[in-house]
Structure formats: structure tokens, C-alpha cells
Amino acid sequence: MRLFLAIPLPDAARDALAAAVARAEADEASRGRDPLARWVRPDNLHVTLRFLGDVDEPMARAIAADLLRLPRPGVIELHADGPLFFPPRGSVRVIAAGLGGDVDRVGQLHAGIAAVCDAYPVERDDRPYRPHVTLGRARRGVSIDRRRAAGLPGIADLPRVAFAAAEFVLYESRLLPGGPAYAAVERFPVA
């Protein structure tokens, strides 16, 4: 199973960010341009906490059991805080919605998850963690100029949508011809 951990978005937050992505897509299409990015489908928008990679079912169950023992930080209040681009310098590879609010608590949750996951032979990511919602990824071979990405309608005026995170989820990602499909494997309340 190809697994990751994430905070799901409530419908209102997901719909508002999906509308922003749709405006960016429509603007590119109206100008007759090839899309800058592979935009994330609305049902796949989330706040990634940790990518685990390919994990067999017994290990997935063991990780889930350990995650259930994590301290619960309580409901986490977040809001979209404007566009964010990765990497921080050079050509943009990821267009995202940055997050504000209880980001320190998300960071603590991420650190607890990392401590659990690092005890298993799963994929590691040693980059500094910055909570965000990925909206799009650069298309293969496309170099995205930061100013052009920042000026896209929808991205330039990203809605400051607020939401409460009451859980995080262990998802299985199935790679399909039309893009990835996510299925919840286990849910973990934060309060």
C-alpha cells in the first residue's frame, strides 16, 4: 500500500480552495496557454503531515496502533494564509496555500508523527516542515516563473478560508490513469 498521513479539509475549505484552483485553470485556458501545473483535484486537497511510501499491511497496522497513542493536541484552528511556492528559490515546483492559525500545534503533531514513523523503514523527509495545502505541481519539463504563478487569478487572491482540524487520517494513495485516488485507512481524532 502507498500511504501518507494528512489532515482532511472540511467541505467549505476544500470548496473555496478548489474554486481558486478553477479560476487559475480557467485563466490559463482563456489565454490559450498550456497549463502551468497539474492542478490537484478538489477531493484530493489536504494538509500533508507525512508521506510513508509503500508499506505492507502488517506494518501499516503497527504504525496506526502507535499513532493512536500520540498525545492529542486538541482541535486545531487553521486558515489559508495566501500563496506559497516551493522550493523557496528558483523555478516553482509546487503551488500551495500557506496556512496560518495554530501552525505550531500542527508542527507538534507532525513531530510526534515523525517520531513514530521514523521507528519504521518508511520514506523519510528531513526538510523543514511547513504546513500547506498543495494546489498544483509543475508539469514535467515546465519551468514556472514565480511572478507568473503569483499573478494567476485564484492564486493571487487566494481566499482566507478558516477551518478546524478535528482529525488526521492515514490514507492509501492509488495511482490511476486519471490521477491519484485516496482512500482513508484509519482516522485519528486530535481532541
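The values are calculated or read from the model by the stated rules, or taken from the named source; none is laboratory data. Bear in mind that the values here come from a model prediction, so they are computed numbers and not experimental data. Ideal geometry is used to build each Cβ from the backbone, glycine not excepted, and the neighbour counts take in all protein chains shown.
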Does at least one position in segment 30-51 carry a residue that is farther than 26 Å from Leu175 by Cβ and of a type in the set (Asp, Glu)? no
For segment 1-35, give me the residue count where each residue is closer than 30 Å to Arg72 by Cβ and touching an Asp or Glu at 6+ places or on another chain (Cβ under 8 Å). 6
State all residues of segment 155-176 that are more than 30 Å from Pro73 (Cα to Cα), part of a loop (DSSP other than H, G, I, E, B) and either among the small types (Gly, Ala, Ser) or without any contact (Cβ under 8 Å) to a residue 12 or more places away in the chain (or both); if no residue qualifies, say none. Ala156
Per-region count, segment 133-149, residues surrounded by 18 or more Cβ atoms within 10 Å (Cβ to Cβ) and part of a helix (DSSP H, G or I): 1
Test Val122 against the criterion of being assigned to a loop (DSSP other than H, G, I, E, B), modelled with pLDDT of 95 or more and farther than 23 Å from Val161 by Cβ, and give yes or no. yes
Among the residues of segment 51-78, count how many are farther than 16 Å from Tyr120 by Cα and part of a helix (DSSP H, G or I). 0
So how many residues does segment 79-97 have that are touching a residue at least 24 places away in the same chain (Cβ under 8 Å) and outside any strand (DSSP E or B)? 2
Conditions (1) buried (at least 18 other Cβ atoms within 10 Å of the Cβ); (2) within 22 Å of Pro71 (Cα to Cα); number of the one not met by Asp104: (1)
Which of the residues that make up segment 156-173 are of a type in the set (Val, Ile, Thr) and farther than 15 Å from Asp43 by Cα? Val161
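Restricting the search to segment 103-123, which residues are among the acidic types (Asp, Glu) and in contact (Cβ under 8 Å) with a residue 60 or more places away in the chain?
Glu123
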Quick check on this structure: which one of Arg33, Arg72 is surrounded by fewer than 19 Cβ atoms within 10 Å (Cβ to Cβ), farther than 19 Å from Gln108 by Cα and not β-branched (Val, Ile, Thr)? Arg33
Does Leu152 fit the bill of being among the hydrophobic types (A, V, I, L, M, F, W, C), surrounded by 15 or more Cβ atoms within 10 Å (Cβ to Cβ), closer than 30 Å to Leu36 by Cα and touching a residue at least 60 places away in the same chain (Cβ under 8 Å)? yes
So for segment 163-185 (the condition being at pLDDT 90 or above, of a type in the set (A, V, I, L, M) and in contact with a Gly (Cβ under 6 Å, 6 or more places away or on another chain)), does at least one residue qualify? no
Residues of segment 167-191 being under 16 Å from the mean Cα position of the chain (by Cα) and of a type outside the set (D, E, K, R), in sequence order, are Phe168, Val169, Leu170, Tyr171, Ser173, Gly179, Pro180, Ala181, Tyr182, Ala183, Ala184
